[in-house]
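For reference, the structure discussed in these notes is given below.
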Amino acid sequence: MVIKPRLKGSLALTAHPVGCEEFVKRQIDYVKKSDKYSGPKKVLIIGSSSGYGLASRISLAFGAGADTIGVAFEKGVEGKRVGTAGWWNTVAFTEEARREGLIAKNFMGDAFSDEIKENVIEYIKNEFGGKIDLLIYSLASGVRTDPKTGITYRSALKSTTNEIEGPTINLEKEIIENGKMEVATEDELISTVKVMGGEDWKLWIEALDGAGVLTEGFKTVAYSYLGPKVTYGIYKEGTIGAAKRDIEKTSNELNDYLAEKYHGEAYISLSKALMTRASAVIPVFPLYAALLYKIMKEKGIHEGTIEQKHRLLKDMVYGDHKEIDSDRRLRPDNWEMRPDVQEAVENLWDKVTPENFKELTDYAGAREEFMNLNGFDFDNVNYDEDLDLDELAAKEI
C-alpha cells in the first residue's frame, strides 16, 4: 500500500508508519544530544502514544534512563487500515528503548476502565520491580465511561458564556474560515468535566496507592493549558476551562495526600501552545499557534513538544529551576506568555486576512508540525514506497 496524507478539515485520516518512526527517532536524537537528569526510574505514562505524553516518555527513557509503562488507546493494522499514528509511534519508541536495554511495556485499551488499572498494577507488582516513582497524566479523549456507574460521557468544546466566533485555519483546504463555538448546556458542561477533569487521574492514584505500588517521594504531573486572552473564551471560560479548574483542584488534593503519606508531590503543568491532533480542531487555536510560532522563532525561543517536555522534566520536576505560579502550577509555558511575545502576537492578530495569513504567520511551520504528527512531510521518507501491510502487521508492541 502507498500511503498518502488525507485530511478532513483539520483532522488527519491517515498515518505513515515509516514517517512515524522518523518522528520518534528525531525526538530521541534530540534528547540523546541534550543534558541528562536523574531521579525517575520506574514511570507510568497515561496517554503515552502521541503529543505531550509521548515526548515525556522519550525524555524520561533517553534522558533519565527510566523504564516506562505506557497506556494508550491505539490500533494497528486491521485489514486495509494501516493503523493510527499513535500505534506506530509506540512501535518505534518500544523498539528503540529495548535496544537501549530499557523496559518499555505497553497497555493498549481504555485508560478510564478498572480493567486497565488492574492489569497495570498486576504488571508493576510482578514484573516491574513492585513500585513506580512517577506518573504522567496526559490523556486526551473525548469520551469516558465512568467505571463506577457505567455511564458514558462525551466532552463538548463549547462556551459557557456567549457564542464565540473567530478566524481559524482549515488545514485540508489551507484557508482561513470562520470558526464557531456554541454555548454549552448544563449537561454538556458536566460531561466535559467528567471526561477532561481530574476524576480519572485521582482514580489512578487511589488504585496505585491502594495496591501499595508507590515509592517514597512519588511524583505525579498532569498536563493542562491556559493560553492568552485571545483564547480565553475557549480555554479559560469554556467547558474546557471548567475541566481545567477541576483538574487543578484535584492536583491540590492529591498533593496534600501524597505529601503526607509519601513526602510526594502532585502538579499541574501548563504546556506551551502546540499543534497537536487535539488542538488543531479547536476554533481560533490554529491561527494563534501559527502567529505564536512566527514570533517565538524570530526571538529564538520556540520549542516543539520534545524540547518543552524535556525542559519541564529536567529543570522543573527533577531540577532546581522550578517555574511555579501562585496557584502552584508548573509553567513551562513561561516563554509563550512573556509580555513581549504576547504583545507581538496581538499586534499581528488584527492584520491577518484570508489573503495574507500564509505570509504574516508561520503557517508553513505549524502545518509541517501537524503533518509530522502523522508521519508526513519528512524529507528523508519515501512516500511513494509501496509498504507491505503483512510485514507491518507482524510488528508487535
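The values are calculated or read from the model by the stated rules, or taken from the named source; none is laboratory data. This one's a predicted model, so the numbers in the text were calculated from it and none came from an experiment. Methodologically, a virtual Cβ is constructed for each residue, glycine included, from the backbone with ideal geometry; neighbour enumeration extends over all protein chains shown. What goes into the accessible areas is simple: the full protein's heavy atoms, side chains included, and nothing from ligands, DNA or RNA. Shrake-Rupley method; radii C 1.70, N 1.55, O 1.52, S 1.80 Å.
Observations, loosely collected:
- Any hit, region 128-142, residues being over 24 Å from the mean Cα position of the chain (by Cα), of a type in the set (Asp, Glu) and either part of a strand (DSSP E or B) or at pLDDT 95 or above (or both): no
- Output for region 361-372, where each listed residue is touching a residue at least 60 places away in the same chain (Cβ under 8 Å) and out of contact with any Lys or Arg (no Cβ under 6 Å at 6 or more places or on another chain): Tyr363, Gly365, Ala366, Arg367, Glu369, Phe370, Met371, Asn372
- Summed over region 188-225, residues that are under 23 Å from the mean Cα position of the chain (by Cα), more than 18 Å from Gly47 (Cα to Cα) and touching a residue at least 60 places away in the same chain (Cβ under 8 Å) total 1.
- Across region 25-36, a minimum of one residue is classified as open to solvent by 10 Å² or more (accessible area, probe 1.4 Å) and either within 16 Å of the chain's Cα centre (by Cα) or within 30 Å of Thr145 (Cα to Cα) (or both).
- Looking only at residues of region 181-199 that are within 27 Å of Lys117 (Cβ to Cβ) and small (Gly, Ala, Ser), we find that the one that is surrounded by the most Cβ atoms within 10 Å (Cβ to Cβ) is Gly198.
- A single entry from Lys229, Lys202 fulfils the requirement of being touching a helix residue (DSSP H, G or I) at 6+ places or on another chain (Cβ under 9 Å), more than 17 Å from Leu157 (Cβ to Cβ) and crowded, with 17+ Cβ neighbours inside 10 Å: Lys202.
- Being farther than 21 Å from Ala278 by Cα and either without any contact (Cβ under 8 Å) to a residue 60 or more places away in the chain or of a type in the set (Ser, Thr, Tyr) (or both) is true of Glu78.
- Residue ranges of helices (runs of 4 or more DSSP H) in region 181-279 with at least 2 members of a type in the set (S, T, N, Q): 186-196, 239-262
- Residue count, region 149-180 (criterion: under 24 Å from Val230 (Cα atoms), open to solvent by 40 Å² or more (accessible area, probe 1.4 Å) and in a loop (DSSP other than H, G, I, E, B)): 9
- Qualifying positions in region 37-61 - open to solvent by 20 Å² or more (accessible area, probe 1.4 Å), closer than 25 Å to Phe112 by Cβ and part of a loop (DSSP other than H, G, I, E, B): Ser50
- Search result, residues across region 62-93 that are crowded, with 23+ Cβ neighbours inside 10 Å and of a type in the set (Ser, Thr, Tyr): Thr68, Thr90
- In region 10-36, the residues that are under 14 Å from His310 (Cα atoms) and part of a loop (DSSP other than H, G, I, E, B): Ser34, Asp35, Lys36
- Members of region 6-51 found to be at pLDDT 95 or above, closer than 23 Å to Ala140 by Cα and touching a strand residue (DSSP E or B) at 6+ places or on another chain (Cβ under 7 Å), listed by number: Lys42, Val43, Leu44, Ile45, Ile46, Gly47, Ser48, Ser49
- Hits in region 112-133 - residues which are surrounded by 21 or more Cβ atoms within 10 Å (Cβ to Cβ), within 30 Å of Ala12 (Cβ to Cβ) and either free of Cβ contacts under 8 Å to residues at least 12 places away in the same chain or not aromatic (Phe, Trp, Tyr) (or both): Lys117, Val120
- Entry remark, region 247-280: residues being at pLDDT 95 or above, open to solvent by 50 Å² or more (accessible area, probe 1.4 Å) and of a type in the set (D, E, K, R) number 5 in total.
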